[in-house]
1. Restrict the check to segment 570-582 and report whether at least one residue is under 15 Å from T483 (Cα atoms), outside any helix (DSSP H, G or I) and open to solvent by less than 70 Å² (accessible area, probe 1.4 Å).
2. Please find, within segment 88-120, the residue that is modelled with the lowest pLDDT out of those that are under 19 Å from L144 (Cβ atoms) and of a type in the set (A, V, I, L, M).
3. Being in a loop (DSSP other than H, G, I, E, B) and either under 17 Å from the mean Cα position of the chain (by Cα) or within 28 Å of N241 (Cβ to Cβ) (or both), is that true of even one residue in segment 477-488?
4. In segment 499-527, which residue that is part of a helix (DSSP H, G or I) and open to solvent by less than 40 Å² (accessible area, probe 1.4 Å) is farthest from K484 (Cα to Cα)?
5. Restricting attention to segment 365-386, and to residues there that are open to solvent by 30 Å² or more (accessible area, probe 1.4 Å) and touching a helix residue (DSSP H, G or I) at 6+ places or on another chain (Cβ under 7 Å), which single residue is farthest from D345 (Cα to Cα)?
6. Can you name the residue in segment 146-195 that is surrounded by 13 or more Cβ atoms within 10 Å (Cβ to Cβ), assigned to a loop (DSSP other than H, G, I, E, B) and of a type in the set (S, T, Y) and is also modelled with the lowest pLDDT among such residues?
7. Can you name every residue in segment 330-351 that is open to solvent by 50 Å² or more (accessible area, probe 1.4 Å), out of contact with any Lys or Arg (no Cβ under 7 Å at 6 or more places or on another chain) and assigned to a loop (DSSP other than H, G, I, E, B)?
8. Considering only residues that are surrounded by 17 or more Cβ atoms within 10 Å (Cβ to Cβ), assigned to a loop (DSSP other than H, G, I, E, B) and among the aliphatic types (A, V, I, L, M), which ones fall in segment 409-468?
Amino acid sequence: MFKQNLILWAVLLMSLPMNAQNKEFPNAIHAKINLVDYGALYNGTTRVSQGFEFGYFRNIAPFLNAGVPIKMAVAKLPLETDNRVTTSFDLIFHLENIRETAKISPYLFGGGGVFIENFKKKDIHFPFGAGINFRISKFAFINLQGEFRKAMADNRDNVQFGAGFVYLLHKSEPVFVAPPPPLDTDKDSIPDLVDRCPDKFGPASALGCPDSDGDGLGDVEDQCPTEKGPLETLGCPDSDNDGLADREDKCPTEPGPIDGCPDTDKDGFANANDECPDVAGRWNGCPDTDFDGVPDKDDLCPTDPGKPENKGCPEKKDADGDGFDDADDKCPDVAGILNGCPDKDSDGVADGDDACPDTAGKLKGCPDTDEDGVADKDDPCPTVAGKTNGCPDTDEDGLADKDDPCPTTAGKINGCPDGDDDGVADKDDPCPTVAGKFGGCPDTDGDGVADNLDKCPTSPGTEKDLGCPEIKQETKEKLAFATKNVQFETGKATLKMESYAILDELFNILKQYPDYKLSISGHTDDVGNDEINLQLSSARAKACQDYMLFRGVNPARLRAAGFGESRPIAANTNNAGREMNRRVEFELVVF
């Protein structure tokens with residue numbers, strides 16, 4: 001009857017999934033205590049003895065392990081009156097496969113070996129049976145095993161029941177130390193490394209600086225911090241887009257070069273002050289062909305100099321007595337030796353035509369110290385020759401060096417280069433090689449956060465999340481649930497089995513949010529030694545991190561740290577508060 005029950009049990013175990021060693025951890029050792037009975041199969045009378053067993057097993061093929069167990073016992077053998085010392089050396093084959101996550105792993109085995117009685121008498125035994133492993137850690141198991149041993153000698157068949165410990169041999173795993181989080185002094189979610197105003201809270205669009213008018217230029221650089229304006233006018237309004245801020249523009253609604261006003265004939269007189277806006281001239285914007293001081297529009301003899309009282313026409317006389325007939329006298333009312341006109345500075349240019357009548361000069365009567373073709377009075381750089389309004393232009397971009405922020409590099413944006421042609425000079429462009437509308441930077445995912453500030457540039461997100469996808473409320477609730485429910489053995493960093501499913505859910509969340517990293521922080525209550533509490537909190541955070549690494553999470557997406565009792569979320573004066581303070585917090589972050 002006993003043999004029938006044993007065979008029935010073995011058939012039942014063969015119908016279960018097999019688990020034991022695998023190719024990742026191929027080597028295992030075990031130690032057991034055995035109960036041996038030679039009587040039940042001999043005459044139905046129980047003859048139980050104790051023994052011990054040591055063994056080594058190795059995975060040799062999928063689902064197949066081979067091992068050499070060595071057994072020794074003091075046994076009560078049939079037909080013998082005294083106890084005998086028994087020893088056996090077996091070669092055993094296990095049908096099994098321990099999966100990484102398996103908690104219970106049954107197996108079948110069979111083989112053959114040498115049985116030695118009192119170190120003299122030898123026999124051949126064929127053991128077979130079944131067992132089961134209960135996982136207590138990643139590499140350790142409690143083992144229970146039942147075995148029937150068929151002996152070639154008479155009266156030596158026996159059954160054995162063993163209990164012991166199985167351990168998978170393995171190499172120690174490397175410890176990953178998470179890098180410290182980036183410094184963010186003003187807590188505006190922009191690291192100090194890229195924050196233009198690291199001590200002041202500000203939005204990402206203004207590079208971390210306060211932006212009162214929301215025009216994308218921080219108040220520290222904005223000359224009109226309460227009014228929106230483009231970058232070209234340093235944050236001040238420019239209604240007519242002529243590059244001159246309204247507060248400095250005399251014609252704020254009309255674009256133009258003369259104090260912001262239009263000058264159609266380009267004579268240096270704004271249309272509003274030009275009496276001849278369509279014809280260039282020096283007399284209030286009007287031409288005076290005969291240089292008689294009477295504009296052509298009022299001169300009846302525009303090609304013959306005359307007196308104003310004669311409406312610009314000459315008289316046939318020498319009114320000024322300088323020897324020049326008024327008809328030929330360029331200055332009929334003022335005596336002079338230069339075509340009848342005076343030349344006080346004797347520079348060969350009549351005072352009437354001399355832009356500098358009191359100072360001799362070769363350039364329309366004016367001096368040109370640097371001989372660059374621009375009179376000193378009109379030359380912003382009178383002592384240094386230059387081709388741009390009298391000033392040097394080293395990079396020859398049409399903007400004088402004195403006005404050029406980039407004097408040695410030619411450019412179209414206020415004299416500075418714009419390599420990506422996006423309207424923002426390279427010196428002010430955070431992304432000088434890639435065109436973009438966001439302060440010179442592109443926005444690949446179109447979420448309103450420039451790529452240089454977007455921590456997830458290919459995934460649309462929100463500004464408050466630095467351009468990364470917003471974390472759903474459901475996900476936040478799962479993170480909060482994990483914080484409250486991940487459990488450990490009391491006073492230890494050993495995860496309880498019920499915590500595995502919760503950590504598996506966090507693994508799934510990381511797959512849903514590929515742009516985020518998981519921050520794991522351990523905390524304790526204030527009971528006990530501060531240093532021990534800090535060590536325990538760090539160990540518990542690392543235990544959660546190790547589990548995620550075990551699941552295959554990229555180490556770069558994890559960081560773990562312990563804070564001991566330094567960050568309580570409830571009072572430590574009662575059990576409920578201390579229980580809340582004993583926790584491991586989980587947070588999705590982008591740094």
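1. Yes, the conditions are met somewhere in segment 570-582.
2. I98
3. Filtering segment 477-488 down to residues in a loop (DSSP other than H, G, I, E, B) leaves 486-487.
When the remaining residues are screened for being either under 17 Å from the mean Cα position of the chain (by Cα) or within 28 Å of N241 (Cβ to Cβ) (or both), the result is none.
So far as segment 477-488 goes, no, none of its residues is in a loop (DSSP other than H, G, I, E, B) and either under 17 Å from the mean Cα position of the chain (by Cα) or within 28 Å of N241 (Cβ to Cβ) (or both).
4. Here is the first cut: in segment 499-527, the ones part of a helix (DSSP H, G or I) are 499-512.
Those still in the list that are open to solvent by less than 40 Å² (accessible area, probe 1.4 Å) too: 499, 502-503, 506-507, 509-510.
Numbers: S499: 11, I502: 10, L503: 12, L506: 13, F507: 17, I509: 17, L510: 19 Å.
For segment 499-527, the residue satisfying everything is L510.
5. Checked segment 365-386; the qualifying residue farthest from D345 (Cα to Cα) is P380.
6. Only one residue tops the list, namely S189.
7. First, the residues of segment 330-351 that are open to solvent by 50 Å² or more (accessible area, probe 1.4 Å): 330, 333-335, 337-339, 344, 346, 348.
Those left that are additionally out of contact with any Lys or Arg (no Cβ under 7 Å at 6 or more places or on another chain): 330, 334-335, 337-338, 344, 346, 348.
Within segment 330-351, K330, V334, A335, I337, K344, S346, G348 qualify.
8. Passing the criteria: A410, V424, A425, A435, V449, A450, L453, L466.
The values are calculated or read from the model by the stated rules, or taken from the named source; none is laboratory data. Please read these numbers as outputs of a predicted model, since none were measured by experiment. We place every Cβ from the backbone using ideal geometry, glycine too, and count neighbours over all the protein chains shown. When the accessible area is computed, the model is the full protein with side chains, heavy atoms only, and any ligands, DNA or RNA have been set aside. Shrake-Rupley method; radii C 1.70, N 1.55, O 1.52, S 1.80 Å.
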